[in-house]
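Report on the following structure.
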Amino acid sequence: MFDDPDGMLAMLRESAAGFTAQHSGTKSLRDKRASAGDLDKQAWKAMAEAGWTGLLLPEGLGGAGLGMREQAVLSEALGRALIAEPVAMAAVFSGALLANVSVSEERTRLCAGIADSSVIAVPAWQNPSKSSHARPVVATATAGGFALTGEKHFVDAARSATDFLVVADCSEGCLLLSVPAASAGVTINERPGIDGAMIASLTFAGCEVPESLVLARAESADALLESPILHARLALAAELAGIASRALEITIGYTKDRVQFGKPIASFQAIQHRLVDMWSDAEFACAAVVNAVETLDAGDVRAARLAVLAAKARAGDAAVSICRRTLHLHGAMGFTDECDIGLYLKRAINLNATLGQSEALRLQFVELERAA
């Protein structure tokens, strides 16, 4: 619920409605699971043609030059339709990462390619867990650039990617490098996520990267990643709010149609109480997203970080909790693969875990709030 004086948000909603009428999210998700796929390239190309993959990129870099208000509206619509493409990571995160680096030919190529879908540049920034024997990626200087060795985990759309945006440690701090997916020394290891789409880890074994593909240098990874994580979390929160709202609408319709003891089960007070509780959770999730967008627009960085953490935590909890309860209200049929409501739950669990579970985000919120 944003003010829309120029009608841009209404146009985005109409565009999303037209897209979802031609691209079934549930069918695409099932197709990915059956084929062990990670990205629907036809749908991704259509998104690029609609201007969505470059929505946040400046116009000078081939994007639409819009803001998080528009992105939130779009992400919420994609969540409602269960369009399970990695928009938050391969468009929002990558776009925010590239928008903050110095001008270069490689940056220009990547941004223009993301906007028109000729490039699928996905971030590879998450290190292995401390309990793992794998090492984070380290960049060692060579005569013509750097050699990368180590692993990055939880990479979306790795098989479909044309380029990886790799954050690597080096002797002077850290680097952001553009690594072609077909580079020698890069190995992709995939496993299915809970919603069926593939999640990958990347292994770099002496992968040579020329100096021309170094996009940025920084003292720490936090300096590179703070803005991309902030924007991607907000996009994920909006998508989760859309999932929660749509799952509730589907369930309200089902309870009106499902007859027991001669009456629709929606007429039973116990069912009505559950539906009202779910409606409240969905509305609070949407309100948290609106608050985060408006706080981010106001320009107070610390307040925006707090608001985004709160929005992602609340929307993640709401989506998972609502989808679990909708599954229960659907009865035994809710657990069958033919029933779409189960796909909403799986997608909610996946997105809730991306960039931090709700519990972890609340701890970050408290830590940041007390640091003032």
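The values are calculated or read from the model by the stated rules, or taken from the named source; none is laboratory data. Bear in mind that the values here come from a model prediction, so they are computed numbers and not experimental data. Positions of Cβ are generated from backbone atoms using ideal geometry, with glycine treated the same way; all protein chains shown enter the neighbour counts. Ligands, DNA and RNA are excluded from the accessible area calculation, which covers all protein heavy atoms including side chains. Shrake-Rupley method; radii C 1.70, N 1.55, O 1.52, S 1.80 Å.
Those residues that are open to solvent by less than 10 Å² (accessible area, probe 1.4 Å), more than 16 Å from GLU106 (Cβ to Cβ) and in a strand (DSSP E or B), I need them from the stretch 156-196; list them, please.
CYS174 - this is the single residue of the stretch 156-196 that is open to solvent by less than 10 Å² (accessible area, probe 1.4 Å), more than 16 Å from GLU106 (Cβ to Cβ) and in a strand (DSSP E or B).
Assess whether ASP6 counts as being among the charged types (D, E, K, R), open to solvent by 10 Å² or more (accessible area, probe 1.4 Å), without any contact (Cβ under 8 Å) to a residue 24 or more places away in the chain and under 19 Å from LYS346 (Cα atoms).
Values: among the charged types (D, E, K, R): yes; open to solvent by 10 Å² or more (accessible area, probe 1.4 Å): yes; without any contact (Cβ under 8 Å) to a residue 24 or more places away in the chain: yes; under 19 Å from LYS346 (Cα atoms): no.
So ASP6 does not fit the description; no.
Quick test of your reading of the structure: MET1 fulfils all but one of (1) within 28 Å of ASN291 (Cβ to Cβ); (2) buried (at least 18 other Cβ atoms within 10 Å of the Cβ). Name the failing condition by number.
(2)
Quick one: which helices (runs of 4 or more DSSP H) sit completely within the stretch 24-138 and have at least 1 residues that are over 21 Å from HIS231 (Cα atoms) and open to solvent by less than 30 Å² (accessible area, probe 1.4 Å)? Please lay out each step first, then the result.
Values: elements: 25-35, 41-49, 68-80, 94-99, 105-116.
Here the list reads 25-35, 41-49, 105-116.
Looking only at the stretch 197-215, how many residues end up being within 22 Å of PRO128 (Cα to Cα) and either open to solvent by less than 20 Å² (accessible area, probe 1.4 Å) or of a type in the set (Gly, Ala, Ser) (or both)? Step through it out loud before you land on a result.
Residues of the stretch 197-215 that are within 22 Å of PRO128 (Cα to Cα), as a first pass: 197-209.
From what is left, the residues that are either open to solvent by less than 20 Å² (accessible area, probe 1.4 Å) or of a type in the set (Gly, Ala, Ser) (or both) are 197, 200-202, 204-207, 209.
Matching residues across the stretch 197-215 total 9.
Yes/no per residue for (1) in a strand (DSSP E or B); (2) touching a Lys or Arg at 6+ places or on another chain (Cβ under 8 Å); (3) open to solvent by less than 30 Å² (accessible area, probe 1.4 Å):
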| site | (1), (2), (3) |
| --- | --- |
| ALA147 | yes, no, yes |
| GLY150 | yes, yes, yes |
| PHE154 | yes, no, no |
| ARG217 | yes, no, no |
| HIS231 | no, no, no |
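I'd like the full set of residues that are out of contact with any Leu (no Cβ under 6 Å at 6 or more places or on another chain) and touching a residue at least 40 places away in the same chain (Cβ under 8 Å), limited to the stretch 17-33. If you could, list the steps in order and put the result at the bottom.
Start the filter on the stretch 17-33 by keeping residues that are out of contact with any Leu (no Cβ under 6 Å at 6 or more places or on another chain), which leaves 17-24, 27-28, 30-33.
Matches in the stretch 17-33: ALA17, PHE19, THR20, HIS23, SER28, ARG30, LYS32, ARG33.
Just checking, does the stretch 238-254 include any residue being free of Cβ contacts under 8 Å to residues at least 40 places away in the same chain, buried (at least 19 other Cβ atoms within 10 Å of the Cβ), more than 30 Å from LEU176 (Cα to Cα) and out of contact with any Lys or Arg (no Cβ under 9 Å at 6 or more places or on another chain)?
Of the stretch 238-254, the ones free of Cβ contacts under 8 Å to residues at least 40 places away in the same chain are 249, 252-253.
Narrowing the set further to residues that are buried (at least 19 other Cβ atoms within 10 Å of the Cβ) leaves none.
No, because not a single residue in the stretch 238-254 is free of Cβ contacts under 8 Å to residues at least 40 places away in the same chain, buried (at least 19 other Cβ atoms within 10 Å of the Cβ), more than 30 Å from LEU176 (Cα to Cα) and out of contact with any Lys or Arg (no Cβ under 9 Å at 6 or more places or on another chain).
Could you tell me whether any residue of the stretch 326-338 is open to solvent by less than 70 Å² (accessible area, probe 1.4 Å), farther than 22 Å from ALA266 by Cβ and of a type in the set (Gly, Ala, Ser)?
No; the residues of the stretch 326-338 include none that is open to solvent by less than 70 Å² (accessible area, probe 1.4 Å), farther than 22 Å from ALA266 by Cβ and of a type in the set (Gly, Ala, Ser).
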